[in-house]
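The values are calculated or read from the model by the stated rules, or taken from the named source; none is laboratory data. Quick caveat, the model's predicted, so the values are computed rather than measured. Methodologically, a virtual Cβ is constructed for each residue, glycine included, from the backbone with ideal geometry; neighbour enumeration extends over all protein chains shown. Side chains included, ligands, DNA and RNA excluded: accessible areas come from the protein's heavy atoms. Shrake-Rupley method; radii C 1.70, N 1.55, O 1.52, S 1.80 Å.
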Amino acid sequence: MESVLGRYRNLIILVGVLFLQVLGLAVQVKRSSDAESTRLIRIWAVSAITPLERGLVWVQNGAGNLWHNYFYLRGVRAENRQLKEQIEQMRLEQVRLNEDAAQARRLQALLSFKEQFVSRTVAAQVIGSSGSDLSRIVYIDKGENDGLRRDLAVVTADGIVGKVLQAFPTVSQVLLINDQSSGVGAILEKSRLQGVLRGTANGEVMLERVMSDEEVAPGDTVLTSGGDQIFPKGLRVGTVSKVGTGKDLFLNVRIRPAANLSKLEEVLVVTEKQERQAAAQVTERMRAADILAQRLPSVPDKPATPEANAGGTAGNAATGTAGGASGALPPSKPLTVPNPQAGAATKTQSPSGSTKQDAGSIPPGIVTPSGSQAAGSSHTRSATVPGQTVSNGAPKTAPPRRASEPAAQTGNSQKTVGSKPADSPATSPETPKPALPQSNPQPPAADDSPN
Amino acid sequence: MQITYTSGEQVEVYRFSLPVTVGVPLLALFLQAFVPRRFPFFSYFDLPLLVTIFFAMARRNPISGLLTGAVIGLVQDSIGGHAIGLYGIAKTVVGFGASSLGVKLDVENAGARLLVTLGFYLIHGVVYFAVARGMVNMTLNWSWGHSILAGLANALLGVVLYFLLDKFKQRT
């Protein structure tokens, strides 16, 4: 027996070592979602390798910066001049884009869309790679100590790069989008076709799950769809470089990544993204009709009729109540602050004559005759429809004020339109009083109006 | 059983100092991780494999050869993002094979080293491919043309590298 063991000692040890590794591999495959089982080994290996890389990158960057910032300054003036011109052009472009973005936000708000914002990023430097063409991974010099964690998006100014696969204390592993185990939700910019971006064994990036009857052309831009819950929607991925027929009724769409994945230097890790209602403060509760009305040439206001006024009061009162119930109006809002929104609301009210519509369009903070309203809108209202609300509506529809109620509401409202009733207390505009408490909305004004 | 870095067989065996034994594989792993960032074509080379083959052939001890291969392979796996053990298994086989071959053949001249390195590069690729496909279910495409070309490139680099590493050899 001993002679057999001695004779096949090398083979037995080989089989034993291989068996142990196969066993370890099998455990990892079974727990494919759990990276913690090998974390310690990886930390040791990374800790042994990355300090050298970090040091070398530091020296390399220092030398490069010294050369480029202090010695090699040829053509800097000309470049500076070009950049200034470029900035001017981009400012003009920015004005146009701001308009488009504002319009998009308004429309998104109307549809209650939610949008994602990249609210915080961490800049990191690429210090190394896996070194294998079978595993497309890079190492960055930021880790858990800098707030990085698993599954964070990594991007550059050009486009997306990958995601954080593992975060160690001082470094992180980034899985590039051209690795075969990577997957990113993507969408074609023009046709809005959705697919899944995957890497291949030879480092190419393919867009999968696009049906063969769809039209995809080389040059089409590919963006992130946000469906993977890692990358925010709308980030640039790359362009279609080749389209071919794949298997199972799907197209074979090859993508040229926008970011140069083979020569990455600095990257941004998206550590925080916010998802919020796409409602700008100004456009809250604005209707499409209001937006259109702002853009259309103004129509002279019709003279107010008693019916319209009565209806308007009811509508406004309803709005005030609803606004109070929703809690959108801050109780302590100064009454003399002009509200640009109110202008739009009032403007659309008068030509249509429909106070019901106006009630829906009045944003929080607009004064209603019932007293739960900011004065900015009163100011605008008085400018557009003189005397409509106060001379006819407000005195009629104002509910009896309670003892605990601040008197400024009615007083300010009346003062704004310039028809102060005799029984209202004189209120100075310099001392604005808070609006009515939101927890006690006024009853509908129409009910209380003495007809 | 005592595992040493030397062996006494018929052919000449060598040993290495501890700094070389630890430092050279670490340097190879470091270069393999660092250089492709600047020169992407460098990822076609497999410096840890070349170092494994060199140490295995020089020591001519199958056990130390397979252990060297296993350790280097496992560290290489740890740096990469895939399951740990793929490179480990492949390099264990290569380390064992190279040292077993070194016992029987004289692999000191450049021609023999070129052929041996090419052969073991292919064996390494086949084992990696088989394990990755069979156990980890990775999608890999095997290309003979690509493998042979990469093997030749590695073999050429290996010949140069072995020449440099020969300086660290110590006779037993």
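Taking the numbered list (1) modelled with pLDDT under 85; (2) assigned to a helix (DSSP H, G or I); (3) loosely packed, with under 10 Cβ neighbours inside 10 Å in turn, A:Arg77 passes all entries but (1). Only residues that are in contact (Cβ under 8 Å) with a residue 24 or more places away in the chain, in contact with a Phe, Trp or Tyr (Cβ under 6 Å, 6 or more places away or on another chain) and more than 7 Å from every other protein chain (Cβ to nearest Cβ) were counted in segment B:65-84, giving 4. Determine, yes or no, whether B:Gly102 is within 14 Å of the chain's Cα centre (by Cα), at pLDDT below 90 and more than 11 Å from every other protein chain (Cβ to nearest Cβ). Here the answer is yes, as B:Gly102 does meet what is asked. Looking at the structure I just gave you, is A:Arg91 in contact with a Ser or Thr (Cβ under 6 Å, 6 or more places away or on another chain) and of a type in the set (D, E, K, R)? No, not satisfied.
Checking the stated criteria, B:Leu115 turns out to be open to solvent by 20 Å² or more (accessible area, probe 1.4 Å) and either touching a residue at least 40 places away in the same chain (Cβ under 8 Å) or within 21 Å of A:Ser130 (Cα to Cα) (or both). The requirement of being in a helix (DSSP H, G or I) and away from every other protein chain (no Cβ under 14 Å) is not satisfied by A:Glu53. When B:Ser100 is tested against (1) touching a residue at least 24 places away in the same chain (Cβ under 8 Å); (2) open to solvent by 10 Å² or more (accessible area, probe 1.4 Å); (3) outside any helix (DSSP H, G or I), exactly one condition is not met: (3). Could you grab me the full set of residues in segment B:29-79 that are outside any helix (DSSP H, G or I) and open to solvent by less than 10 Å² (accessible area, probe 1.4 Å)? Selection gives B:Arg60 alone. The requirement of being open to solvent by 10 Å² or more (accessible area, probe 1.4 Å) and within 14 Å of chain B (Cβ to nearest Cβ) is fulfilled nowhere in segment A:115-124; no residue meets it. Within segment B:109-138, being in a helix (DSSP H, G or I) and within 12 Å of chain A (Cβ to nearest Cβ) holds for B:His124, B:Gly125, B:Val127, B:Tyr128, B:Phe129, B:Ala130, B:Val131, B:Ala132, B:Arg133, B:Gly134. If only one of A:Trp44, A:Trp58 is over 19 Å from A:Val138 (Cβ atoms) and at pLDDT 80 or above, which one is it? That would be A:Trp44, the only listed residue that is over 19 Å from A:Val138 (Cβ atoms) and at pLDDT 80 or above.
Yes or no, residue by residue, for (1) open to solvent by less than 30 Å² (accessible area, probe 1.4 Å); (2) within 11 Å of chain B (Cβ to nearest Cβ):
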residue: A:Gly131; (1), (2): yes, yes
residue: A:Val138; (1), (2): yes, yes
residue: A:Gly143; (1), (2): yes, no
residue: A:Arg149; (1), (2): no, no
residue: A:Gly159; (1), (2): yes, no
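Scanning segment A:165-192 for residues that are away from chain B (no Cβ under 14 Å) and open to solvent by 30 Å² or more (accessible area, probe 1.4 Å) yields A:Pro169, A:Thr170, A:Glu189, A:Lys190, A:Ser191, A:Arg192. Taking every residue in segment B:146-172 that is touching a residue at least 40 places away in the same chain (Cβ under 8 Å) and pairing it with any residue that is open to solvent by less than 80 Å² (accessible area, probe 1.4 Å) and assigned to a strand (DSSP E or B), at least 6 positions away or on another chain, the pairs with Cβ-Cβ distances below 7 Å are B:Lys169/B:Tyr14; B:Gln170/B:Tyr14; B:Arg171/B:Tyr14; B:Thr172/B:Tyr14. Look at (1) exposed (fewer than 15 other Cβ atoms within 10 Å of the Cβ); (2) within 39 Å of the chain's Cα centre (by Cα) and you find that A:Ile43 fails only one, number (1).
Applying the condition of being outside any helix (DSSP H, G or I) and loosely packed, with under 14 Cβ neighbours inside 10 Å to segment B:139-172 and asking which residue is modelled with the highest pLDDT yields B:Ser143. Residues in segment A:247-262 that are touching a residue at least 12 places away in the same chain (Cβ under 8 Å), over 14 Å from A:Thr156 (Cα atoms) and loosely packed, with under 15 Cβ neighbours inside 10 Å: A:Leu249 alone. Checking the structure you have, find out if any residue of segment A:85-108 is in contact with a strand residue (DSSP E or B) (Cβ under 7 Å, 6 or more places away or on another chain) and surrounded by 19 or more Cβ atoms within 10 Å (Cβ to Cβ). Checked against the condition, which is being in contact with a strand residue (DSSP E or B) (Cβ under 7 Å, 6 or more places away or on another chain) and surrounded by 19 or more Cβ atoms within 10 Å (Cβ to Cβ), segment A:85-108 yields no hits at all. Among the residues making up segment A:19-32, a single one is among the hydrophobic types (A, V, I, L, M, F, W, C) and either in the same structural domain as A:Leu165 (by TED's automatic domain parsing) or open to solvent by less than 40 Å² (accessible area, probe 1.4 Å) (or both): A:Leu25.
Among the criteria (1) open to solvent by 20 Å² or more (accessible area, probe 1.4 Å); (2) within 14 Å of chain A (Cβ to nearest Cβ), the one B:Glu12 does not fulfil is (2). Identify, please: which residue in segment A:263-283 is outside any strand (DSSP E or B) and open to solvent by 80 Å² or more (accessible area, probe 1.4 Å) and is, among those, modelled with the highest pLDDT? It comes out as A:Lys263.
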